[in-house]
Amino acid sequence: MTRLHQACAAAIVVVGAALPPTAQQRFRSGTVGVRVDVLVARGQELVRGLKATDFELRDEGVLQNVSEIEVEQIPLNLILAVDTSGSVAGERMRSLVQAGQSLLNGLRAGDRVALLSFSTRVRLLAPLTPSRQQIDGAFTKLTAQGATSLRDAAFAALALRETDPGRTLVLIFSDGTDTASWLRAADVIDAAKRTDSVVYAVALAERRPLVNISGGRIIVQRDTTTVQEAGKFLEHLTAETGGRVLFANSNRDIRAAFTETLAEFRERYVLSYTPAGVSPTGWHRLDVKLKVTSGKVTARRGYFAE
Amino acid sequence: MRTSARSAVGAVVIVVVLCRALAAAPQLAASSYTEAIDLYRQGEEELALKKLAGLRSDEIARGRDALLAALASKRQEAESERAAAAIRGAIMLHTAQSFAALERNNNGEFRFQLALAQSYIDKLASLDRHAPFVRTWRLLVLAILQEGMSLAVADQFARHAHDSRGDSPELLLALGATEEMGWWIRHEEDADPGVKGDLRDAERHYRQALIVAPTLTEARVRLGRILTLREDAEGMKILGQIGESAEAPFQYLARLFEGDVYEKHGDIAEAERSYTAAVTLLPAAQSAYMALAHLRHARGARSEAAQDIRSTAGARDVPDLSDPWFWYARGTAWRGRGYNEQLRLMIRP
């Protein structure tokens, strides 16, 4: 067990003196454990008021003894990665800035925010900071042009999360497919498995012409919605971390989607346990269920112990 | 008698032709269409595009017919040459208008304008297939289509441009790049590129390009890359030959691709060395930093990975287009500006 404690992945978080006393009491004191962010919904409604005893958590099929940490006790790290490619210019950018600023209003004391933008390059506009003013200022400087390096940005957002006791929400906004990244989808999914960040995404449909040649003439066949391709990657990434993709149909929906994401993240349960009866290394598949209550449980699919 | 009659008829014909030519010449010079072309040729591109945008399609069609008729003139060599020069200008004007329309998602305009340019080019190609203007224009259109990732169009366009008697190394490079891009999108991005994306075809084109132009470093880098994607050991050998004598962007790409191979094979130390070499070569480029950060993140060096991200993403005043990988992934797009400049020189009055 000691080896596990010393060499665990980011999914296994050091929970010691940095946690508020209430949270520590819910853990075995001064130990290292696995923390799992869990969302429970019944239909469109979130299920609230559950206790650790309502959950059944299996690590590699082995039933674990879980505790619950009060979400309120853990500071939030919000890492925002927003698409600023050419297609976002104009009204969409204005909606995005408003949505971002509105999101800042939902943060609490002790929460920190980082802002990344991505187009042809990924740019870190503000590192994790408690200063709303800094982020607000960065938002107002956003400009839209260039290609879309979605996968590189998603990885950058995941990699910026360092070991601290906070819960990390990565929120990605994009309106198109990747056209500039070096990293492959599998690379980013792999990185997601090695962190405890929960990734949410807000994807907006973008229509582009599909051009072809027929009889020596160039013709535009029809419009195609590229969000489906971006959606495949984002759905895979978010599902891996226990988050989800919210599809916005118009610019006006971005703000509501951002607000909903933060509200939903705050309604999640944080379960913790000290792994027992499992290998100290490698990929650990997680299964989280409700014992009695009905509802759909969404949680990360597993974690790496290294 | 017969001779005099013949002379008389001949004289009448000459007079008629001359009259037509004289009548046609002022018409060409005076029409708004030819004015737009002249403006473009003189470098007044915005004005020219604005003027063209103000023309009705029937005015353009009449102007085009007049130009083509003048080009076909067998008796007036000077007029034919003037018409050919105007046609080259018209091709560039319509091409610029076409791609500007595509950027605005105006599909009808894009189609109309490019079809016009294409009809002119076909006419010029029927007179001289190897004319530098015809060859360079096709390369330019391919570069722009590859930049926009319109691979299905690029593929068919390239097939149309293909010459069974031998292609230029630049066209072979473009043909190979279309296949390579298609393969990448299909296999690594899980999307349908609209083309087959055959690395064997890409290999064939790159090897042919290198036979014609052995110093074409880009073909060598691309050949090395696709061989590594096919897990052919020759790929690393070729990439290893891209040394200090090559331009920095090609060296950068070679080290980046080598790192990718080492990483795939689990040789983390060598991969890190290759990525670091790429970062050292071009610190403003982002792809090698991303590769390095990912490698470090995967081996548990989270702080180093986060620092790599902060270094590259936090760098200020770095131009967006400073990464060779960005251009590599767009086939021959980076050559587009050069082709455009060559063509603009060719159409100057």
Exercise. Given H placed on each backbone N at 1.01 Å, which residues far from A:F247 in sequence or on other chains put an amide H within less than 5 Å of it?
Worked result: A:A203
Seminar exercise, completed: Partner lysines whose C-alpha sits under 26 Å from that of B:K237, ignoring same-chain residues fewer than 8 away, are B:K264
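Once the cut-off is 18 Å, how many percent of the Cα-Cα pairs in region B:82-198 end up in the long-distance tail?
Working: 3588 of 6786 pairs.
Of all Cα-Cα pairs in region B:82-198, 53 percent lie more than 18 Å apart.
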Seminar exercise, completed: Between the modelled labels at B:N105 and A:S131 (7 Å from Cα along Cα→Cβ) the distance in nm is 3.8 nm
Problem set entry | Listed peptides B:289-297, B:167-175 by packing density, highest first (mean Cβ within 10 Å) | B:289-297, B:167-175
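Mind checking the full-extension length gain between B:K50 and B:T215? Use 0.36 nm per residue of separation minus the Cα-Cα distance, one decimal, nm. The partial results should precede the final answer.
Working: separation 165, 0.36 × 165 = 59.40 nm, distance 4.23 nm.
55.2 nm is the gain from fully extending B:K50 to B:T215.
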Problem set entry | Amide H contacts under 5 Å for A:V170, placed H, 5+ residues apart | A:I79, A:V198, A:V199, A:Y200
Seminar exercise, completed: Residue span B:R207 to B:R62: 0.36 nm per residue of separation minus Cα-Cα distance leaves a gain in nm of 47.6 nm
Exercise. Spin-label point model (7 Å from Cα, Cβ direction): what's the A:E91 to B:H160 distance in nm?
Worked result: 3.5 nm
Problem set entry | Under 16 Å from the A:D164 label point (7 Å along Cα→beta-carbon), backbone N, region A:82-114 | A:107-114
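For the pair B:H187 and B:D122, what calculated FRET efficiency results from E = 1/(1 + (r/R0)^6), where r is the Cβ-Cβ distance and R0 = 35 Å, to the nearest 0.05? Working shown, then result.
Values: r = 35 Å, r/R0 = 1.00.
The formula returns an efficiency of 0.50 here.
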Problem set entry | Rel. contact order, % - alpha carbon contacts under 8 angstrom, at least six apart, region A:52-129 | 31 percent
Exercise. Counting alpha carbon pairs within less than 8 Å and at least 6 residues apart, what relative contact order, in whole percent, applies to chain B?
Worked result: 14 percent
For this session: Between B:E247 and A:N105, take the C-beta separation as r, use R0 = 51 Å, and let me know the FRET efficiency to the nearest 0.05.
Result: 0.50
Seminar exercise, completed: Cα convex hull volume per residue for region B:264-306, in Å³, equals 63 Å³
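How big is chain B by the Kirkwood estimate over distinct Cα pairs, in Å? The partial results should precede the final answer.
On the way: mean 1/r = 0.0434 Å⁻¹.
Final number for the Kirkwood radius of chain B is 23.0 Å.
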For this session: Could you rank the peptides A:82-90, B:52-60, B:117-125, A:168-176 by their average count of other C-beta atoms within 10 Å per residue, with the highest value first?
Result: A:168-176, A:82-90, B:117-125, B:52-60
Problem set entry | Neighbour-limited loop hits for GluC sites (Glu not before Pro), region A:54-135 (at most 15 other Cβ within 10 Å; DSSP other than H, G, I, E, B) | A:E70
Problem set entry | FRET efficiency, B:E81 to B:R129 (Cβ-Cβ, R0 22 Å, nearest 0.05) | 0.75
Seminar exercise, completed: Computed, not fitted: 222 nm per-residue ellipticity of chain B from DSSP H runs ≥ 4 (each -39500 (n - 2.57)), nearest 500, equal to -24500 deg cm²/dmol
For this session: Kindly compute the accessible surface that chains A and B hide from a 1.4 Å probe when together, both sides summed, and give it to the nearest 100 Å².
Result: 4200 Å²
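Expressed in nm to one decimal, what extension gain is obtained for the pair B:R273 and B:Q342 from 0.36 nm per residue of sequence separation less their Cα-Cα distance?
On the way: separation 69, 0.36 × 69 = 24.84 nm, distance 3.98 nm.
Computed gain between B:R273 and B:Q342 is 20.9 nm.
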Seminar exercise, completed: For region B:220-276 the trypsin sites (Lys or Arg not before Pro) that pass both the DSSP coil test and the at-most-15 other-Cβ-within-10 Å test are B:R230
Exercise. For region B:79-95, in order, what is each residue's ³J(HN,Hα) by Karplus, 6.51 cos²θ - 1.76 cosθ + 1.60 with θ = phi - 60°, in whole Hz (x at glycine and Pro)?
Worked result: 5, 4, 5, 4, 5, 4, 5, 5, 5, 4, x, 4, 4, 5, 4, 5, 5
Exercise. When the Karplus curve 6.51 cos²θ - 1.76 cosθ + 1.60 is applied with θ = phi - 60°, which whole-Hz ³J(HN,Hα) does each residue of region B:140-150 get, with x for Gly and Pro?
Worked result: 5, 4, 4, 4, 5, 5, 5, 4, x, 6, 8
For this session: Report the percentage of all Cα-Cα pairs in the protein assembly as shown whose separation exceeds 32 Å, rounded to a whole percent.
Result: 57 percent
For this session: Would you grab the residues whose amide H sits under 5 Å from the one on A:T129? Only those 5+ places off in sequence or on another chain, please, with H modelled 1.01 Å from N.
Result: A:V113, A:A114
Exercise. Can you give me the relative contact order of region B:31-181 as a percent, contacts being Cα pairs under 8 Å and 6 or more apart?
Worked result: 14 percent
Problem set entry | Calculated log₁₀ intensity ratio I(q)/I(0) where the Debye formula runs over C-alpha points of region B:200-349, q = 0.11, 0.14, 0.19 Å⁻¹ | -0.48, -0.74, -1.18
For this session: Quick one: what are the phi-derived ³J(HN,Hα) couplings along region A:173-188, Karplus 6.51/-1.76/1.60 with θ = phi - 60°, whole Hz, x for glycine and proline?
Result: 10, 8, 10, x, 7, 5, 10, 8, 6, 8, 6, 8, 4, 4, 4, 6
Problem set entry | Pairs from B:K50/B:K123; A:K51/A:K296; A:K193/A:K232 whose Cα-Cα separation, in the structure shown, is over 19 Å | B:K50/B:K123
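The values are calculated or read from the model by the stated rules, or taken from the named source; none is laboratory data. Since this is a predicted model, take the numbers as computed values, not measurements. We place every Cβ from the backbone using ideal geometry, glycine too, and count neighbours over all the protein chains shown. Remember, those area values only see protein heavy atoms, side chains included, never the ligands or the DNA or RNA. Shrake-Rupley method; radii C 1.70, N 1.55, O 1.52, S 1.80 Å.
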